[in-house]
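The values are calculated or read from the model by the stated rules, or taken from the named source; none is laboratory data. Just so you know, these numbers come straight off a predicted model, no measurement behind them. Here the Cβ is made from the backbone with ideal geometry for all residues, glycine too, and neighbour counts use every protein chain on show. The accessibility values were calculated without ligands, DNA or RNA, using every heavy atom of the protein model including side chains. Shrake-Rupley method; radii C 1.70, N 1.55, O 1.52, S 1.80 Å.
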Amino acid sequence: MVYDLWQADVAARNVPLTQPFRLEALLTSDVETAQWGSEGLPGDELSVQNGILTVRANRWPLCIDPQMQALTWIKNKEGKQLEGKVKTFNDSDFLKQLELAIQYGFPFLFENLDEYIDPVIDPVLEKNFVTSSSGRQVVKLGDKEVEWDSNFRLYMTSKLSNPHYGPEISGKTMIINYGVTQQGLQEQLLNVTVKHERADLEAQRETLVKEMSENKALLKGLEDTLLHELSTATGNILDNQELISTLEEAKAKAVEIAEKLEVSKVRAVGP
């Protein structure tokens, strides 16, 4: 809809628009998508859009994940913070662990969901906050009022390929289809084949992806430093030797990292 209708309408009205237009460029960055790739998220367009919805949506994500792509990515993304906080509704301690995650700002993952979501977590899904007497936000969880930490993150995944969720669940969650596309499947099959046939090449590829992600993050940091130094400078910039020295150093590092990225891109394409 964005590409077929909105973009055509904008062009017809002669509104300036960056070409080629990519919705992903507005909602994320190369640094972030490279980081996602190093954590196991496929790099095809649909997977990146799913990643954006997972981390940017106002509602908590409910991932339709028959191939377990989202599950793998989320576990790699959150790392050790998820230890002990991957549960199902059948686990006796899920409510206690969810309470701790909310209170201390940890991520929490419900995996292997079917078409039933326990109503006990409805206040969490709907973010029904109440201001306590101390002025802090709390949420009702079971028979307790739990203090809400804004760093808390909730994920839900289902292995069902075609679940039927009613409007009451659709209105409380962001349902995201992580089903494999043809392009994504081709990339994953290639990676699996290379890993089996040439484990050394797969190790090089993983190292390369990690290096590119780190270099892009460094380059973004240097660009931010340059802008900050220029925006906060006072007086005549040309007379500020310390500022000029800082800018030259940052520029030299940026050029060096840009060259490394170009080399990495050539190595990624191969001979």
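For Lys127, the test of being closer than 29 Å to Glu39 by Cα and free of Cβ contacts under 8 Å to residues at least 40 places away in the same chain is passed.
Of the residues Leu95, Leu27, Leu71, the single one that is of a type in the set (A, V, I, L, M, F, W, C) and under 15 Å from Thr157 (Cα atoms) is Leu71.
When region 69-97 is filtered for residues that are among the aliphatic types (A, V, I, L, M) and under 21 Å from the mean Cα position of the chain (by Cα), the ones remaining, listed by number, are Ala70, Leu71, Ile74, Leu82, Val86.
The set of residues in region 1-32 being open to solvent by 70 Å² or more (accessible area, probe 1.4 Å) and of a type in the set (Ser, Thr, Tyr) consists of Tyr3, Thr18.
Restricted to region 121-131, and to residues that are hydrophobic (A, V, I, L, M, F, W, C) and surrounded by 15 or more Cβ atoms within 10 Å (Cβ to Cβ), which residue is farthest from Met174 (Cα to Cα)?
First, the residues of region 121-131 that are hydrophobic (A, V, I, L, M, F, W, C): 121, 124-125, 129-130.
Checking which are surrounded by 15 or more Cβ atoms within 10 Å (Cβ to Cβ) leaves us with 121, 124-125.
Working: Ile121: 15, Val124: 14, Leu125: 10 Å.
Result: Ile121.
Scanning region 67-109 for residues that are of a type in the set (Val, Ile, Thr), crowded, with 19+ Cβ neighbours inside 10 Å and assigned to a helix (DSSP H, G or I) returns Ile74, Ile102.
With respect to Trp36, determine if the residue is modelled with pLDDT of 90 or more and not β-branched (Val, Ile, Thr).
no
Of the residues making up region 223-251, just one is among the hydroxyl-bearing types (Ser, Thr, Tyr) and more than 29 Å from Ser29 (Cα to Cα), namely Thr234. The set of residues in region 46-63 that are without any contact (Cβ under 8 Å) to a residue 60 or more places away in the chain, open to solvent by less than 30 Å² (accessible area, probe 1.4 Å) and of a type outside the set (Gly, Ala, Ser) comprises Val48, Ile52.
Restricting the search to region 2-41, which residues are free of Cβ contacts under 8 Å to residues at least 24 places away in the same chain and among the small types (Gly, Ala, Ser)?
To start, the set of residues in region 2-41 that are free of Cβ contacts under 8 Å to residues at least 24 places away in the same chain comprises 2-22, 25-26, 32-33.
If the condition is that a residue be free of Cβ contacts under 8 Å to residues at least 24 places away in the same chain and among the small types (Gly, Ala, Ser), then Ala8, Ala11, Ala12, Ala25 are the ones that fit.
So if I check each of Leu222, Leu227, Leu247, which one is in a helix (DSSP H, G or I), open to solvent by 100 Å² or more (accessible area, probe 1.4 Å) and either farther than 26 Å from Lys77 by Cα or modelled with pLDDT of 75 or more (or both)?
Working: Leu222 fails: open to solvent by 100 Å² or more (accessible area, probe 1.4 Å); Leu247 fails: open to solvent by 100 Å² or more (accessible area, probe 1.4 Å).
On inspection, the qualifying residue turns out to be Leu227.
Yes or no: Ala254 within 27 Å of Lys210 (Cβ to Cβ) and modelled with pLDDT of 75 or more? Yes; evaluated as a whole, the condition is true for this residue. Can you tell me which condition Asp114 does not meet? The list is (1) open to solvent by 30 Å² or more (accessible area, probe 1.4 Å); (2) touching an Asp or Glu at 6+ places or on another chain (Cβ under 7 Å); (3) closer than 30 Å to Gln183 by Cα; (4) not in a helix (DSSP H, G or I), and all the others hold. Every listed condition holds for Asp114 apart from (2).
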